[in-house]
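I have placed the structure first, in the form of structure tokens, so that the comments after it can refer back to it.
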Amino acid sequence: MKKHVFHPAVFFCALAIVLSLTTAPFAKVEWEILKDITLTDDPRDIVIASDGSTAYILCSKSVQIYSTREKKVTGSIPLTDDFSQIAIAPNGEQLFLTKTAGKQLSVIKVSQVYDIPIGTSPVIGKAGAPVTIYAFLDYQ
Amino acid sequence: MHPFAEKASIAALAAAEQDKYEEFSSALLKDFKNLNDQTIKKHAEAVGLNMEKFNAAYSNPARKKQIQEDLKLGSSVKVRGVPAIFINGRMPKQRSLAGFSQMVEEELKK
């Protein structure tokens, strides 16, 4: 019967070769300034939604909402308190604002609302209805 | 995209030109497993479309372009699969009739 022998020296040698082959090559960072924006309020902290679509900038009196697609501030959440830090839930649906001085946490629910143009798409129902249901279908 | 999805969508736009979108679209959705050129034209005749006008619209390249634009629009609002529903611009969390109804009720209260 054939006997298999495990030799530690051979194993570590093989591991070292694999590690050297899998080490990531050096990469330099290239950069360019895409946009400079003057905010209406003093920025203190910033978080970006995990899908990269929105940046929330905590300022002294508001949270400014920046759309990375539109490359501009598209909205603002007014604040009555003076918060120092901001974080975002992994699903992007809640913002967490903390205030060290007042031992305070504020949780703000956020959701994406798209302005979907109807254009020349077929429409069922009356124009000007209070609720529009937009359906993307493919029939199969 | 499914094999006949684009042609079915073009056909639905062609039916809309004759104000028969709702009937025709419902017929296509019910027969989704059997869609091809023949069944699409069979449904067009069944809902009473003027077939000469329908055939002209069905082969109109502008309709294909419109579908391509709709695909881009879907991508821009993060549609990852179909059917995708938005209620007053919001994507429902619960993809069920009960979930849709609840959202509509909430929107009506605003």
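Laboratory data are not the source of any read-out in this text; all were calculated from the coordinates shown. Computed from a predicted model, the values in this text were never measured in an experiment. Methodologically, a virtual Cβ is constructed for each residue, glycine included, from the backbone with ideal geometry; neighbour enumeration extends over all protein chains shown.
Key figures for this structure:
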quantity	calculated
Selection status of residue A:99, touching a Phe, Trp or Tyr at 6+ places or on another chain (Cβ under 6 Å) and free of Cβ contacts under 8 Å to residues at least 24 places away in the same chain	yes
Residue B:74 vs. criteria more than 10 Å from every other protein chain (Cβ to nearest Cβ) and either among the small types (Gly, Ala, Ser) or exposed (fewer than 11 other Cβ atoms within 10 Å of the Cβ) (or both)	no
Given (1) surrounded by 13 or more Cβ atoms within 10 Å (Cβ to Cβ); (2) within 9 Å of chain A (Cβ to nearest Cβ); (3) more than 18 Å from residue A:133 (Cα to Cα), index of the condition residue B:3 fails	(1)
Selection count where residues are in a strand (DSSP E or B) and either in contact with a helix residue (DSSP H, G or I) (Cβ under 9 Å, 6 or more places away or on another chain) or surrounded by fewer than 19 Cβ atoms within 10 Å (Cβ to Cβ) (or both), scope the stretch A:48-61	2
Selection count, the stretch B:61-70, where residues are more than 9 Å from chain A (Cβ to nearest Cβ) and within 14 Å of the chain's Cα centre (by Cα)	4
Count - residues of the stretch B:76-87 that are closer than 23 Å to residue B:99 by Cα and not in a loop (DSSP other than H, G, I, E, B)	4
Given (1) touching a Ser or Thr at 6+ places or on another chain (Cβ under 7 Å); (2) surrounded by 13 or more Cβ atoms within 10 Å (Cβ to Cβ), index of the condition residue A:89 fails	(1)
Residues satisfying the stated conditions in the stretch A:91-140, i.e. under 30 Å from residue B:15 (Cα atoms), charged (D, E, K, R) and away from chain B (no Cβ under 13 Å)	A:126
